[in-house]
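Written below as structure tokens is the structure these notes are about.
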Amino acid sequence: MYKILTLNNISVAGLDRLPRDSYEVASEIRHPDAILLRSHNMHQMDIPDTVKAIGRAGAGVNNIPVSNMTERGVAVFNAPGANANAVKELVVAGMLIAARNISQSWSYVQSLAGDDESIHRQVEKGKKQFVGFELPGRTMGVIGLGAIGVKVANAARSLGMKVIGYDPTITVQRAWQLESDVEQALSVDDLLSKADFVSFHVPLTDVTQHMINRDRLRLMKKGIVLLNFARDGIIDDEAVCEALDAGHVYAYVCDFPSNRMIRHPRVVALPHIGASTKEAEDNCAIMVSEQVRDYLENGNVTNSVNFPEIVLPRNGGGYRISIVNSNVPNMVGQISTDLARANLNIMDMLNKSRDEIACTLLDLDREPPAATLEQIESIDGVLSVRCLGCD
Ligand SMILES: NC(=O)c1ccc[n+]([C@@H]2O[C@H](COP(=O)([O-])OP(=O)(O)OC[C@H]3O[C@@H](n4cnc5c(N)ncnc54)[C@H](O)[C@@H]3O)[C@@H](O)[C@H]2O)c1
């Protein structure tokens with residue numbers, strides 16, 4: 001029976017992936033094998049020695065003491081991309097809100113007073129100021145073609161837009177997912193000079209901090225629409241507000257309100273709701289529950305922030321040793337010597353490393369004796385040894 005401690009409410013859709021006949025899941029549990037959480041701050045927490053894995057039902061892991069867990073040989077998982085569709089849909093909404101002046105029109109209607117005949121007259125008189133434009137044929141620029149950026153680029157294509165993308169470190173997987181006619185920009189500046197809309201889907205780093213500043217705003221076409229559903233700080237709010245006032249930027253739609261722009265008539269600022277959908281929460285919980293389960297039952301690692309990706313199919317169950325150790329020379333040699341001493345035959349094996357951690361999976365022809373597991377555990381640098389499928 002595996003014991004799972006939950007530190008926040010985790011969506012039932014995710015917890016359903018942990019079958020009750022082999023998993024005990026509770027918000028108070030002693031000696032848990034794994035912890036599932038959303039935003040609970042674990043930094044001051046006394047994390048029990050029994051914990052082998054931590055699953056964050058979301059993308060960021062700032063609330064988890066990751067380096068401390070790495071030293072202890074505890075795998076930390078997250079759910080990258082689980083909220084990508086939620087953000088994509090809000091970006092599409094943001095494009096339409098900007099192009100059709102929806103927020104300004106709505107505010108106008110809410111300001112109307114009088115009887116129905118009078119409201120009708122005011123509507124017909126006022127609507128001229130909200131004339132918008134349509135999307136087909138316009139150029140959408142997408143900076144950052146990861147989980148979200150690729151979905152945004154493809155959605156813009158399906159709305160009839162031309163799409164130009166920039167991501168110098170795009171992965172092969174994302175490149176395959178991208179519509180084939182998305183044009184590749186040579187640089188951020190190249191993209192900015194061609195686009196009618198620009199949407200940002202990059203992490204906040206030293207390079208992306210204030211990626212949009214006064215100089216870059218000057219490169220853009222007059223009438224551009226900027227969308228920021230990535231991170232606060234990627235766009236210099238002050239510079240954008242100046243460009244909005246000057247009529248150079250048509251609209252700015254973002255998920256990160258600041259004092260400077262919340263009342264600006266050409267800014268639509270939303271309260272960081274990009275990932276706030278029931279489906280995104282379910283997806284995050286399903287992803288981490290499945291990843292933690294696969295790690296506990298098979299030693300496989302997918303979407304860990306501190307462990308190497310390692311997946312060895314479990315052909316027909318059998319006995320598997322899952323070892324986590326420091327990434328130093330001669331570990332596999334010492335481990336296989338111990339197995340040979342016990343006359344154990346290795347049927348299949350995989351070893352992967354990432355930074356200071358290495359994981360080894362060994363499928364054996366028979367159950368290893370407890371003494372052999374203890375010998376392996378005593379090797380200098382071995383952080384954890386588990387026999388999966390053993391009694
Ligand atoms: N508004 C919200 O609620 C919300 C929700 C989820 C994610 N986000 C944010 O959206 C952003 C993207 O998320 P994701 O899941 O697509 O991440 P991701 O890691 O899948 O993709 C990020 C992409 O940005 C690229 N990149 C990095 N630096 C770059 C640079 N200087 N120029 C161009 N490309 C660069 C990377 O190569 C990668 O492909 C993140 O900042 C994330 O925090 C916001």
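The values are calculated or read from the model by the stated rules, or taken from the named source; none is laboratory data. A quick note: this is a predicted structure, and the numbers were derived from the prediction, not measured. For neighbour counting, all protein chains shown are included, and Cβ atoms are generated from backbone atoms with ideal geometry for every residue, glycine included. SASA here: full protein model, heavy atoms, side chains in, ligands and nucleic acids out. Shrake-Rupley method; radii C 1.70, N 1.55, O 1.52, S 1.80 Å.
Conditions (1) of a type outside the set (S, T, N, Q); (2) at negative phi; (3) open to solvent by 50 Å² or more (accessible area, probe 1.4 Å), marked per residue:
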{"site": "Glu71", "(1), (2), (3)": "yes, yes, yes"}
{"site": "Val74", "(1), (2), (3)": "yes, yes, no"}
{"site": "Asn78", "(1), (2), (3)": "no, yes, no"}
{"site": "Leu90", "(1), (2), (3)": "yes, yes, no"}
{"site": "Leu112", "(1), (2), (3)": "yes, yes, no"}
{"site": "His120", "(1), (2), (3)": "yes, yes, yes"}
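In the range 58-67, how many are buried (at least 22 other Cβ atoms within 10 Å of the Cβ) and at pLDDT 95 or above? Before you say what the answer is, go through the steps one by one.
Looking only at the range 58-67, we keep the residues that are buried (at least 22 other Cβ atoms within 10 Å of the Cβ), and these are 58, 64.
Remaining after also requiring at pLDDT 95 or above: 64.
The total comes to 1.
Take the range 192-209 and flag every residue that is among the charged types (D, E, K, R) and either within 19 Å of the chain's Cα centre (by Cα) or within 12 Å of the ligand (Cβ to nearest atom) (or both). Outline the logic, then answer.
If we filter the range 192-209 for residues that are among the charged types (D, E, K, R), which is where we start, we get 194, 196, 206.
Answer for the range 192-209, where residues must be among the charged types (D, E, K, R) and either within 19 Å of the chain's Cα centre (by Cα) or within 12 Å of the ligand (Cβ to nearest atom) (or both): just Asp206.
Can you name every one of the strands (runs of 3 or more DSSP E) wholly within the range 1-69 that holds 1 or more residues which are more than 24 Å from the chain's Cα centre (by Cα)?
Values: elements: 2-6, 23-26, 34-37, 53-56.
In the range 1-69, 2-6, 23-26 are the strands (runs of 3 or more DSSP E) which contain 1 or more residues that are more than 24 Å from the chain's Cα centre (by Cα).
Where the second residue is within 12 Å of the ligand (Cβ to nearest atom) and not aliphatic (A, V, I, L, M) and the first is open to solvent by 10 Å² or more (accessible area, probe 1.4 Å) and lies in the range 187-211, which pairs have Cβ atoms under 6 Å and are six or more apart or on separate chains?
Sorted first by the residue in the range 187-211, then by its partner, the pairs are Val188/Tyr166; His201/Gly144; His201/Gly149; Val202/Gly144; Val202/Thr208; Leu204/Arg231; Leu204/Gly233; Gln209/Gly233.
Under 8 Å by Cβ, and 6 or more places apart or on different chains, what pairs join a residue from the range 345-373 that is among the hydroxyl-bearing types (Ser, Thr, Tyr) with one that is in a loop (DSSP other than H, G, I, E, B)?
Final answer for the pair search is Ser353/Pro308; Ser353/Asn327; Thr372/Ala342; Thr372/Leu344.
Take the range 210-232 and flag every residue that is within 10 Å of the ligand (Cβ to nearest atom) and in a loop (DSSP other than H, G, I, E, B).
First pass over the range 210-232, keeping only residues within 10 Å of the ligand (Cβ to nearest atom): 211, 228-232.
Those that are within 10 Å of the ligand (Cβ to nearest atom) and in a loop (DSSP other than H, G, I, E, B): Met211, Phe229, Ala230, Arg231, Asp232.
Tally time: how many residues in the range 13-54 are open to solvent by 100 Å² or more (accessible area, probe 1.4 Å) and at negative phi?
Taking the range 13-54 first, the residues open to solvent by 100 Å² or more (accessible area, probe 1.4 Å) are 16, 20-21, 28, 30-31, 44, 46, 49.
Next, only the ones that are at negative phi stay: 16, 20-21, 28, 30, 44, 46, 49.
Total satisfying the criteria: 8.
Out of (1) within 20 Å of Phe256 (Cα to Cα); (2) open to solvent by less than 50 Å² (accessible area, probe 1.4 Å), what's the single condition that is false for Asn85?
(2)
Cβ contacts < 6 Å: first residue closer than 12 Å to Ile170 by Cβ, restricted to the range 134-147; second residue within 16 Å of the ligand (Cβ to nearest atom) and among the small types (Gly, Ala, Ser), any location; separation 6+ or different chain. Result?
So the pair list comes out as Val142/Gly149; Val142/Ala153; Val142/Gly165; Val142/Ser199; Leu145/Gly165; Ala147/Gly81; Ala147/Ala84.
Looking only at residues that are of a type in the set (S, T, N, Q) and assigned to a helix (DSSP H, G or I) in the range 115-166, which one is farthest from the ligand (Cβ to nearest atom)?
In the first step, residues of the range 115-166 are kept if they are of a type in the set (S, T, N, Q); the result is 118, 122, 129, 139, 154, 158.
Those left that are additionally assigned to a helix (DSSP H, G or I): 118, 122, 129, 154, 158.
Working: Ser118: 40, Gln122: 36, Gln129: 30, Asn154: 13, Ser158: 18 Å.
Across the range 115-166, the extreme among qualifying residues is Ser118.
If you take the residues in the range 287-306 that are closer than 21 Å to Asp16 by Cβ and outside any helix (DSSP H, G or I), which one is nearest to the ligand (Cβ to nearest atom)? Walk me through it before giving the result.
First, pick out the residues of the range 287-306 that are closer than 21 Å to Asp16 by Cβ: 287-298, 300, 302-303.
Next, only the ones that are outside any helix (DSSP H, G or I) stay: 300, 302-303.
Values: Asn300: 21, Thr302: 15, Asn303: 11 Å.
Out of the qualifying residues, it is Asn303.
Just wondering, is there one or more residues in the range 181-191 that are farther than 23 Å from Asp255 by Cβ, in contact with a Leu (Cβ under 7 Å, 6 or more places away or on another chain) and within 11 Å of the ligand (Cβ to nearest atom)?
Taking the range 181-191 and keeping what is farther than 23 Å from Asp255 by Cβ, we get 181-187, 189-190.
With the extra rule that they be in contact with a Leu (Cβ under 7 Å, 6 or more places away or on another chain), the set shrinks to 185, 189.
Pick out the ones that are also within 11 Å of the ligand (Cβ to nearest atom) and you get 185.
Yes, the range 181-191 contains at least one residue that is farther than 23 Å from Asp255 by Cβ, in contact with a Leu (Cβ under 7 Å, 6 or more places away or on another chain) and within 11 Å of the ligand (Cβ to nearest atom).
Restrict the check to the range 132-141 and report whether at least one residue is crowded, with 20+ Cβ neighbours inside 10 Å, of a type outside the set (Phe, Trp, Tyr) and under 25 Å from the mean Cα position of the chain (by Cα).
Yes, the conditions are met somewhere in the range 132-141.
If I go through the range 300-345 residue by residue, how many of them are open to solvent by 40 Å² or more (accessible area, probe 1.4 Å), in contact with a helix residue (DSSP H, G or I) (Cβ under 7 Å, 6 or more places away or on another chain) and of a type outside the set (Val, Ile, Thr)?
2
From (1) buried (at least 21 other Cβ atoms within 10 Å of the Cβ); (2) under 24 Å from Asn101 (Cβ atoms), pick out the condition that doesn't hold for Cys241.
Looking at each condition in turn, Cys241 falls short on (1).
Could you tell me how many of the residues in the range 272-286 are open to solvent by less than 50 Å² (accessible area, probe 1.4 Å) and either within 13 Å of the ligand (Cβ to nearest atom) or at positive phi (or both)? Can you show your working first?
Going through the range 272-286, the residues open to solvent by less than 50 Å² (accessible area, probe 1.4 Å) turn out to be 274-275, 277, 280, 282, 284-286.
Narrowing the set further to residues that are either within 13 Å of the ligand (Cβ to nearest atom) or at positive phi (or both) leaves 274-275, 277, 280, 284.
The number of residues fulfilling the criteria is 5.
Filter the range 1-46 down to residues that are touching a strand residue (DSSP E or B) at 6+ places or on another chain (Cβ under 7 Å) and polar (S, T, N, Q) and give me whichever is nearest to Leu388 (Cα to Cα).
Ser22
Which ones in the range 315-329 are in contact (Cβ under 8 Å) with a residue 60 or more places away in the chain, under 15 Å from Cys359 (Cβ atoms) and not hydrophobic (A, V, I, L, M, F, W, C)? Spell out the reasoning first.
Our first condition is that a residue be in contact (Cβ under 8 Å) with a residue 60 or more places away in the chain; within the range 315-329, this holds for 317-325.
Filter once more, so that each one left must be under 15 Å from Cys359 (Cβ atoms): 320-325.
Across the range 315-329, the qualifying residues are Arg320, Ser322, Asn325.
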